[in-house]
1. Which one of these does ASP160 not meet: (1) open to solvent by 60 Å² or more (accessible area, probe 1.4 Å); (2) among the charged types (D, E, K, R); (3) at pLDDT 90 or above?
2. Of all residues in region 84-116 being surrounded by 15 or more Cβ atoms within 10 Å (Cβ to Cβ) and more than 26 Å from ASP49 (Cβ to Cβ), which is nearest to the chain's Cα centre (by Cα)?
3. Could you please tell me which pairs satisfy a Cβ distance under 8 Å, a separation of 6+ or placement on different chains, a first residue in region 1-21 that is within 11 Å of LEU69 (Cα to Cα), and a second residue that is among the hydroxyl-bearing types (Ser, Thr, Tyr) and assigned to a loop (DSSP other than H, G, I, E, B)?
4. For region 1-109, please list each of the helices (runs of 4 or more DSSP H) lying entirely inside it that holds at least 3 residues being hydroxyl-bearing (Ser, Thr, Tyr).
5. Conditions: (1) over 28 Å from LEU43 (Cα atoms); (2) open to solvent by 70 Å² or more (accessible area, probe 1.4 Å); (3) assigned to a loop (DSSP other than H, G, I, E, B). SER123 meets all but one. Number of the miss?
6. Please count how many residues of region 46-57 are open to solvent by 80 Å² or more (accessible area, probe 1.4 Å), free of Cβ contacts under 8 Å to residues at least 40 places away in the same chain and either aliphatic (A, V, I, L, M) or under 13 Å from ILE99 (Cα atoms) (or both).
7. Please find, among LEU72, LEU43, LEU25, LEU60, the residue that is in contact with a Gly (Cβ under 7 Å, 6 or more places away or on another chain) and buried (at least 18 other Cβ atoms within 10 Å of the Cβ).
Amino acid sequence: SRPFSSIVRDARTRGYTEPDPRDDLSGLDVARKAVILAREAGLDLELSDIEVESLAPPALANASVDEFLERLPDFDAPMAERVAAAKRAGQVLRYVAAIDVRAGTAKVGLESFAPKHAFSSISLTDNIVQFETGRYCDNPLIIRGPGAGPAVTAGGIFADLLRLCSMLSGNHS
């Protein structure tokens, strides 16, 4: 219901994005997470193997952060049209990574989802992972929780530091 540029600016103000929102809008952070999940699933994927749709306008790639935020409203119309097309189809847009273990592929991009899909109900800084397998086909396994913000980031860094200290001390339990 709001222009894309306004949402980006608001998310940055709240600390939900990197200092340069293009780092989030580029899709590379989502692609990195996809690589981690793909490797855990047994795939030998590299970041360069993932097809990524960036939400950052290429024309603003070399702009300063301030200029990027100032000029981003010029690019609201294409995003508004994608939102409107999804709405006409009775769907919502979500920026997602999809990993196909059988095909050995992954991609990141803006996709449409029906209102009853688990991805449609996420809000604010939630992250969600849905597993569809032979056993979880009719009712996929869902993992959901906060994925951004200062407290979540600090908690993740603290957990990483504890794991590192454990490794360096020779206690690998």
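1. Unmet condition: (3).
2. VAL92
3. Close Cβ pairs (under 8 Å, with a partner that is among the hydroxyl-bearing types (Ser, Thr, Tyr) and assigned to a loop (DSSP other than H, G, I, E, B)) amount to VAL8/THR17.
4. In region 1-109, the matching helices (runs of 4 or more DSSP H) lie at 4-13.
5. Condition not satisfied by SER123: (2).
6. Qualifying residue count, region 46-57: 1.
7. Answer to the check: LEU43.
The values are calculated or read from the model by the stated rules, or taken from the named source; none is laboratory data. None of these values were measured; they are calculated from a predicted model. Don't worry about glycine lacking a Cβ; one is built from the backbone with ideal geometry, like all the others, and counts go over all protein chains shown. Note: accessible area is taken over every heavy atom of the protein model, side chains too, but ligands, DNA and RNA are not part of it. Shrake-Rupley method; radii C 1.70, N 1.55, O 1.52, S 1.80 Å.
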